[in-house]
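Engineer: This is the structure, below, for whatever I ask next.
The values are calculated or read from the model by the stated rules, or taken from the named source; none is laboratory data. Worth saying up front: this structure is predicted, and the values here are computed from it rather than measured. No Cβ is skipped: glycine too gets one built from the backbone with ideal geometry, and neighbour counts run over all protein chains shown. The protein model used for the area step is the full one, side chains on, heavy atoms only, and it has no ligands, DNA or RNA in it. Shrake-Rupley method; radii C 1.70, N 1.55, O 1.52, S 1.80 Å.
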Amino acid sequence: MKRISILGSTGSIGTQALDVIAENEERFQVAALSCARNTELLCRQIEKFRPAAVAVEREEDASSIAAEYKDVEVYWGREGLEAIASMEDCDMVLNSLMGMRGLEPTLAAVNAGKDIAFANKETLVVGGELVMKAVRDKGVKLLPVDSEHSAIFQSLQGSGQNEIRRIILTASGGPFRGFSLRQLESVTLEQALAHPNWSMGSKITIDSATMMNKGLEVIEAKWLFDVPLDKIQIVVHPQSVLHSAVEYMDGSVIGQMGNPDMRIPIAYAFSYPDRLDLGTMTESLDFFSLKDGMSFYPADRDVFRTIDLAYEAARMGGSCPVVLNGANEVLVEMFLKGKIRFIDIQNILIKVMETHEPKYNLSIEGILEEDSRIRDDVRKMI
């Protein structure tokens with residue numbers, strides 16, 4: 001029985017992870033759950049899965065839940081996330097938090113010797129060096145849950161020491177594939193939230209529309225798979241059937257295919273190295289539905305300049321990825337609130353990165369300080 005703590009249990013990844021656990025009760029048990037403010041759904045999850053502990057964002061919510069569920073340990077705030085990530089009665093932590101706030105609980109879990117099912121790319125974007133060093137030092141597993149990185153991970157199984165020629169990181173292209181810069185100027189929030197293939201939270205959906213999500217995934221892949229940036233190629237694949245692939249030195253390309261369903265990579269991370277029988281939870285890929293073929297295109301980096309911003313931030317290292325990620329999180333938030341245009345996300349990011357002076361050898365405190373500073377700067381700019 002593997003005991004799993006889920007950070008972000010009320011989000012898209014968290015709820016699908018609970019689906020997987022519910023269908024495999026003989027293998028998995030919920031150790032702890034967390035949410036920010038969706039306490040109504042959290043309470044339903046408590047009643048169904050009976051975790052030993054939960055964490056919420058606000059103290060008042062923690063008090064209310066503690067009064068309702070006497071047998072559940074209730075935490076709140078940043079310390080609460082770290083507490084359930086490192087609790088003794090837990091074997092694995094699924095980090096499905098959104099954004100920078102996943103860094104500290106990830107490090108807490110790794111330092112406590114917990115395996116990590118990882119769906120919080122921003123943690124590796126801003127703190128990849130710190131996190132990967134801790135993973136190596138503690139000898140824990142860091143198992144990717146993002147569909148692309150899970151596909152790469154699966155494609156690397158059994159490869160031994162064979163050299164890879166490149167990682168092929170696929171992208172759907174989002175809702176604005178084929179758009180010009182002029183067309184991006186008139187994009188609406190409703191259009192940006194209408195992803196053609198995947199059902200995701202609003203922040204990651206906007207990141208997919210700007211292609212920033214793919215840029216962040218490049219940085220994540222660099223750390224996860226210890227490969228140079230020039231061996232990571234973004235390939236736009238609108239059908240989202242090939243989730244990513246690896247080309248080896250002999251020219252063989254091994255990839256992972258399937259319907260776009262996040263429960264597949266979640267289940268693989270939970271059960272690795274085994275595979276679960278997901279039964280009726282997932283549909284088999286119907287190859288005959290692909291009779292019109294699968295298509296592949298280069299990413300339009302002249303229009304979606306976020307991609308090159310991410311590559312350059314990764315090359316520069318130090319504080320550059322921290323600044324890129326922090327500024328992007330604020331800008332997406334402002335776009336979702338209607339305070340800036342869609343195209344402003346990219347345009348302001350370009351200005352921010354052009355003027356940033358990199359800082360190096362950052363501790364976790366330094367990363368958090370730099371993140372806080374850039375968020376303040378961008379809000380003042382807007």
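Engineer: So, in region 153-183, how many residues would count as being open to solvent by 80 Å² or more (accessible area, probe 1.4 Å) and part of a helix (DSSP H, G or I)?
Structural biologist: So the answer is 2.
Engineer: Sticking with this structure for a sec: Only one of (1) of a type in the set (A, V, I, L, M); (2) surrounded by 20 or more Cβ atoms within 10 Å (Cβ to Cβ); (3) modelled with pLDDT of 95 or more fails for residue 112. Which number is that?
Structural biologist: Going through (1) of a type in the set (A, V, I, L, M); (2) surrounded by 20 or more Cβ atoms within 10 Å (Cβ to Cβ); (3) modelled with pLDDT of 95 or more one by one, residue 112 breaks only (2).
Engineer: Any residue that is in contact with a Leu (Cβ under 8 Å, 6 or more places away or on another chain) and within 30 Å of residue 346 (Cβ to Cβ) - is there at least one of those in region 284-295?
Structural biologist: Scanning region 284-295, I find at least one residue that is in contact with a Leu (Cβ under 8 Å, 6 or more places away or on another chain) and within 30 Å of residue 346 (Cβ to Cβ), so the answer is yes.
Yes/no matrix, rows are residues, columns are (1) open to solvent by 10 Å² or more (accessible area, probe 1.4 Å); (2) aromatic (Phe, Trp, Tyr); (3) under 24 Å from residue 182 (Cβ atoms):
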{"position": "288", "(1), (2), (3)": "yes, yes, no"}
{"position": "305", "(1), (2), (3)": "yes, no, yes"}
{"position": "313", "(1), (2), (3)": "no, no, no"}
{"position": "334", "(1), (2), (3)": "yes, no, yes"}
{"position": "339", "(1), (2), (3)": "yes, no, yes"}
{"position": "351", "(1), (2), (3)": "yes, no, yes"}
{"position": "356", "(1), (2), (3)": "yes, no, no"}
{"position": "359", "(1), (2), (3)": "yes, no, no"}
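Engineer: Now a separate question. Would you confirm whether or not region 193-203 contains a residue that is in contact (Cβ under 8 Å) with a residue 40 or more places away in the chain, open to solvent by less than 10 Å² (accessible area, probe 1.4 Å) and in a helix (DSSP H, G or I)?
Structural biologist: no
Engineer: Open to solvent by less than 10 Å² (accessible area, probe 1.4 Å) and either more than 30 Å from residue 213 (Cβ to Cβ) or among the hydroxyl-bearing types (Ser, Thr, Tyr) (or both): does that describe residue 21?
Structural biologist: Answer is no for this residue.
Engineer: Hey, another quick one. Looking at residue 104, is it over 18 Å from the mean Cα position of the chain (by Cα) and assigned to a helix (DSSP H, G or I)?
Structural biologist: No, not satisfied.
Engineer: Only one of these is without any contact (Cβ under 8 Å) to a residue 40 or more places away in the chain, among the polar types (S, T, N, Q) and out of contact with any Asp or Glu (no Cβ under 9 Å at 6 or more places or on another chain): 159, 208. Name it.
Structural biologist: 208
Engineer: Yes or no: residue 264 under 18 Å from the mean Cα position of the chain (by Cα) and open to solvent by 30 Å² or more (accessible area, probe 1.4 Å)?
Structural biologist: yes
Engineer: Which members of region 344-382 meet the condition of being acidic (Asp, Glu) and either outside any loop (DSSP other than H, G, I, E, B) or closer than 19 Å to residue 129 by Cα (or both)?
Structural biologist: Listed by number, the residues that qualify are 344, 354, 365, 369, 370, 371, 376, 377.
Engineer: I'd like the full set of residues that are within 23 Å of residue 117 (Cα to Cα), assigned to a loop (DSSP other than H, G, I, E, B) and among the hydrophobic types (A, V, I, L, M, F, W, C), limited to region 252-295.
Structural biologist: 262, 276, 278
Engineer: In addition: Given the options 79, 68, name the one that is of a type outside the set (Ser, Thr, Tyr) and either touching a residue at least 40 places away in the same chain (Cβ under 8 Å) or within 30 Å of residue 374 (Cβ to Cβ) (or both).
Structural biologist: Of 79, 68, the one residue that is of a type outside the set (Ser, Thr, Tyr) and either touching a residue at least 40 places away in the same chain (Cβ under 8 Å) or within 30 Å of residue 374 (Cβ to Cβ) (or both) is 79.
Engineer: Being within 24 Å of residue 208 (Cβ to Cβ) and of a type outside the set (Lys, Arg) is the filter here; which residues of region 345-380 pass it?
Structural biologist: 345, 346, 347, 348, 349, 350, 352, 353, 371, 374, 378
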